[in-house]
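Only one structure is covered here, and it is reproduced in the block below.
The values are calculated or read from the model by the stated rules, or taken from the named source; none is laboratory data. Bear in mind the structure is a predicted one, so any value in this text is a computation, not a measurement. Neighbour counts run over all protein chains shown; Cβ positions are idealised from the backbone, glycine included. All accessible areas refer to the heavy atoms of the entire protein, side chains included, with ligands and DNA or RNA removed. Shrake-Rupley method; radii C 1.70, N 1.55, O 1.52, S 1.80 Å.
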Amino acid sequence: MVVKDDHFESIKSWRHEYHQELWQLNQDIINTVGLGYSEGEKATKEKICDFLVTFTSSKAYLKLSHKTLERSVCGKETAFRYDIGVYPNTPNTAPIPVIFNVEYDGLEIGGKVIQACGHNLIAVGSISAFLFAARWLLEHAGKTPWRLQLIGTPSEEDDGAKPLFAEQGLYTGAKGCLMAHPFRKPTAVGDVDGVALANSIADQEISTVFEGVPAHSALNPWLGVNALDAAVLAYNSISVLRQQVQPTNRICPIINCDNATNIIPQYATIKVDIRAESKDQLYTLKAKVRACLEGAAKASGCKMKKSMEAAVPKDGKDYLHENIAYLDVVPNKSICQLLAKTAPAFDLPNYKYELPAGTIAVISTDQGNVTYACPGIHARFYITNECSNHTAGFADVAANASSLNKTISMGASLAVVACELAVDDKFAAQVKKDWEDDMQRLDPSKTSGLSTTEVKGVTEQMHDMSIEGIGGGCA
């Protein structure tokens, strides 16, 4: 390792040196919280950017040769990217970056927008890691060029930005992308501070509008075509389908039909959240759900369209509105091994490499899309035994001093990993090889040239597994 054991003491001292500023930043993120792409989220982004500009203007960071802050990324006004490093100011000499992802959007719980999934801690964890890593590299990297990026990724809870950023190439070729998420500790895992090799499942929401023909429900109902019938048939078909899906798959249909009782409903909307263990399983399961929707339309005599405003497609095919798919996280093994080895040195003594074999977390995050674009992780650390993510209680826990201390410890651990990636070519090469092996195993299109959104075959055979019941979290 290039980061020696005695260097850990410096990073530990920086945790205390930076604590007050990070506490204030944490409070600012909590107080300005907004939903994805809202003015509140934009205000949070501005707070973070102002903090970064001020902090990296201090004496410890004066030797940075490059600092570029973008307060809008890929047309997203609530996103940012901060690019720093030390390298020659000549064309084509910028090193490959190590990236930290930041999240800061909130959730509406009981009519109030709060940090119910602890994204304030994700932000502080990644920001502290970014600052610790930069300072260590400035003091110890010598003449080795290096580069770090901090990317603010909006709206993880709904229609997240990371898939767009991945498609636009923001992560392509990166040495790695790091982040860590706070969770409630599952009862089954015992005395554990967190886990590095954390997986998640793929997720996509789809919806369609059934269009029928209105008629008086008492006077001449036979003249109508009931759109609600189509939605109910679709719902029941999906409910039957659930019996034949794998244990980690989830299908949640919701019907909306705001209609007077004396009119045969002309319109009914059904939206379906689909989750599956892998990307390929997601696309295969989605095809089965589509068959349920199409069968219901045919049986009821209804037509289908993307939205209330849309026209019924002439070819009868383009009827489905599809949210961006969140792919399954493919955690990089070498990064996770180093993180698990490092975290105990920073007051996370029971931080583990992985949970018991076969444990699957039935949660989803758009960080999964990033792990298909470059080596990455979505590590976990536990801040409570009681309150589940996506609750007001969890927001309260995520705002306390103990949770912030664990977050800064997590940031210090991630910083060590980032430094190794930035200047240890042997370690970076192993990380890259792990990722290429995973992509070849999971996604042959990476080498065959096929579209990454194409369905590639039948799902894997069902296998025995346990399901980690963590009570929610992520999207």
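For the pairs Lys288/Lys317; Lys175/Lys426; Lys185/Lys406; Lys185/Lys341; Lys4/Lys63; Lys112/Lys271, flag any whose C-alpha to C-alpha distance is greater than 18 Å. Flagged as over cut-off: Lys185/Lys341; Lys4/Lys63; Lys112/Lys271. Any idea what the relative contact order of the range 5-112 is, in percent, if you count C-alpha pairs under 8 Å spaced at least 6 apart? RCO, the range 5-112: 24 percent. Loop-located trypsin sites (Lys or Arg not before Pro) in the range 27-131 (DSSP state not H, G, I, E or B) with no more than 11 neighbouring Cβ atoms inside 10 Å: Lys63.
Given contacts defined as C-alpha pairs under 8 Å and at least six residues apart, what's the relative contact order of the chain, whole-number percent? Please report the intermediate quantities before stating the final value.
Details: 1037 pairs, mean separation 102.0, N = 475.
Dividing the mean separation by the residue count of the chain yields 21 percent.
Taking amide H as placed 1.01 Å from N in the peptide plane, the amide H of Cys117 sits under 5 Å from that of Leu107, His390, each at least 5 places away or on another chain. Counted over the chain, the DSSP beta bridges are approximately 70% antiparallel. Within the same chain, aspartates and glutamates fewer than 8 places from Lys333 are excluded, and of the rest, those with a Cα less than 16 Å from its Cα are Glu354, Glu420, Asp434, Glu436, Asp437, Asp438. The 3J(HN,Hα) values that the Karplus relation (6.51, -1.76, 1.60; θ = phi - 60°) gives for the range 116-123 are, in residue order, 6, 10, x, 5, 4, 6, 4, 4 Hz. Gly and Pro appear as x. Less than 5 angstrom separates the built amide H of Ile263 from those of Ser217, all sequence-distant by 5 or more or on a different chain. Normalised by residue number, the volume inside the convex hull of the Cα atoms of the chain is 156 Å³ per residue. Derived scalar couplings between HN and Hα for the range 292-301 equal 5, 5, 5, x, 5, 5, 5, 5, 8, x Hz in order, rounded to whole Hz, by the Karplus curve 6.51 cos²θ - 1.76 cosθ + 1.60 (θ = phi - 60°), x for Gly and Pro. Per residue, the accessible area of the chain comes to 42 Å² when a 1.4 Å probe rolls over the protein heavy atoms. Rounded to the nearest 20, the size of the Cβ-charge dipole of the chain about its Cα centre is 580 debye, with Lys and Arg at +1 and Asp and Glu at -1. Each residue of the range 309-317 was assigned a 3J(HN,Hα) from its phi angle through the Karplus expression (A = 6.51, B = -1.76, C = 1.60, θ = phi - 60°), giving 7, 6, 7, 5, x, 5, 7, x, 9 Hz with x at Gly and Pro.
Once the Cα atoms are used to define both axes, helix 5-31 deviates from the longest principal axis of the chain by about 40 degrees.
When only the Cβ of Lys, Arg, Asp and Glu is charged (+1, +1, -1, -1), the dipole of the range 86-207 relative to its Cα centre reaches about 680 debye. Near the amide H of Gly194, within less than 5 Å, lie the amide hydrogens of Lys352, Tyr382, all on another chain or at least 5 residues away, with H placed in the peptide plane.
Over the residues of the chain, the helix contribution to mean residue ellipticity at 222 nm works out to -12000 deg cm²/dmol, using -39500 (n - 2.57) for each DSSP H run of at least 4.
Accessible surface for Ser402 stands near 60 Å², nearest 10, in the context of the full protein assembly shown (1.4 Å probe).
Relative to its residue count, the range 269-324 spans a Cα convex hull of 90 Å³ per residue.
Per Stokes-Einstein, at 20 °C and 1.002 mPa s, what whole-number D in µm² s⁻¹ belongs to the range 11-65, with the Kirkwood radius over Cα pairs as the hydrodynamic radius?
For these conditions, the coefficient is 172 µm²/s.
To test your reading of the geometry: what angle, between 0 and 90 degrees and rounded to tens, separates the Cα axis of helix 333-342 from the longest principal axis of the chain? The answer is roughly 50 degrees. The C-alpha atoms of the chain define a longest principal axis, and helix 227-241 lies at about 60 degrees to it.
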